[in-house]
1. Can you give the % of DSSP beta bridges in the chain that are antiparallel, to the nearest 5?
2. Quick one: 3J(HN,Hα) in Hz for the stretch 175-184, Karplus 6.51/-1.76/1.60 with θ = phi - 60°, rounded, Gly and Pro as x.
3. Rounded to whole Hz and in sequence order, give me ³J(HN,Hα) for the stretch 58-73 from the Karplus expression 6.51 cos²θ - 1.76 cosθ + 1.60, θ = phi - 60°, writing x for Gly and Pro.
4. Give the accessible surface of the stretch 13-52 per residue, rounded to a whole number of Å², with probe radius 1.4 Å and ligands, DNA and RNA excluded.
5. Can you classify the stretch 71-128 as rounded, prolate or oblate using the Cα gyration tensor, where a ≥ b ≥ c are the square roots of its eigenvalues, rounded means a/c under 1.5, and otherwise it's prolate if a/b beats b/c and oblate if not?
6. Once amide H atoms are built 1.01 Å from N in the peptide plane, which residues 5 or more positions from Val170, or in another chain, come under 5 Å H to H?
7. Using the Cα centre of the stretch 64-210 as origin and beta-carbon charges of +1 (Lys, Arg) and -1 (Asp, Glu), tell me which of Ser178, Gly127, Gly79 is placed farthest towards the positive end of the dipole.
8. Nearest 5 percent is fine: what portion of the DSSP beta bridges confined to the stretch 1-117 is antiparallel?
Amino acid sequence: MNVAIVKYNAGNVYSVVNALKRLGIDPLLTDDAEQLRKADRVVFPGQGEASTAMEYLRQRRLDEVIRDLKQPVLGICIGQQLLCRHSEEGNTDCIGVFDVDVKRFQPQRHEDKVPCMGWGPLQLPRGGALIPLFQGLFKSVPLGGNEGGLPYVYFVHSYYVPLCEHTAAVADYILPYSAALHKDNFYTCQFHPEKSGAVGEQIIKNFLAL
């Protein structure tokens, strides 16, 4: 399988490379538009700052390339945020696959620390369907509820995507927010599956199997 990882000025990309290699995939790290278009799967990961990331992508017209991709795409961390409409980080217009704006966490209590950092559970949006990315992760999925076994994943972020029509999983830190999004061939995780142990490995496997 030909898996391409979007190369841009973001950190933490090589942890995704290594996670894929553990699954027998030798991914291509590239900012070449044609290589991204012809890949079987595209991963858009990273940690970084929204405005400088978008500047890099726009200089190479990769924002347009990514928006027009037809194969399964997985955005991770800032990759999720950059696929949204706008980010409060640097007052940045983003790629716009998801029609929602990225917000900065605003502490409400003394113990609320920003960034959000550490392990937390994923919940399904109330009334929402289980998307293929999370197949096999929830021990039970009752209608309209989140009882049963919840998968835990690793988060590091100061900005979040509010709950919206594309929310595929919910996390709660200061307030409930979108831990994952889904629209058409675009899947995203605010958390880091490559750092989330067996749960994260299953998510990556599920993405490759889409």
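1. Working: 23 of 39 bridges.
The antiparallel proportion sits near 60 percent.
2. 7, x, 8, 7, 7, 7, 10, 8, 8, 6
3. Karplus-based 3J(HN,Hα) across the stretch 58-73 equals 5, 4, 9, 6, 6, 4, 5, 4, 4, 4, 9, 5, 10, 7, x, 10 Hz.
4. Details: 1920 Å² over 40 residues.
Value returned for the stretch 13-52: 48 Å² of accessible area per residue.
5. Values: a/c = 1.95, a/b = 1.25, b/c = 1.56.
Oblate, because a/c is 1.5 or more while a/b does not exceed b/c.
6. The list, which skips near neighbours in sequence, is Gln123, Leu124, Ala179.
7. With unit charges placed on the Cβ atoms, the residue in question is Gly127.
8. Values: 3 of 15 bridges.
So the antiparallel bridges amount to about 20 percent of the total.
The values are calculated or read from the model by the stated rules, or taken from the named source; none is laboratory data. What you are looking at is a predicted structure, and each value in this text was computed from that prediction instead of being measured. Please note: Cβ atoms are built from the backbone with ideal geometry, for glycine as well, and neighbour counts cover all protein chains shown. To get the accessible areas, we keep the full protein, side chains included, count just its heavy atoms, and leave off ligands, DNA and RNA. Shrake-Rupley method; radii C 1.70, N 1.55, O 1.52, S 1.80 Å.
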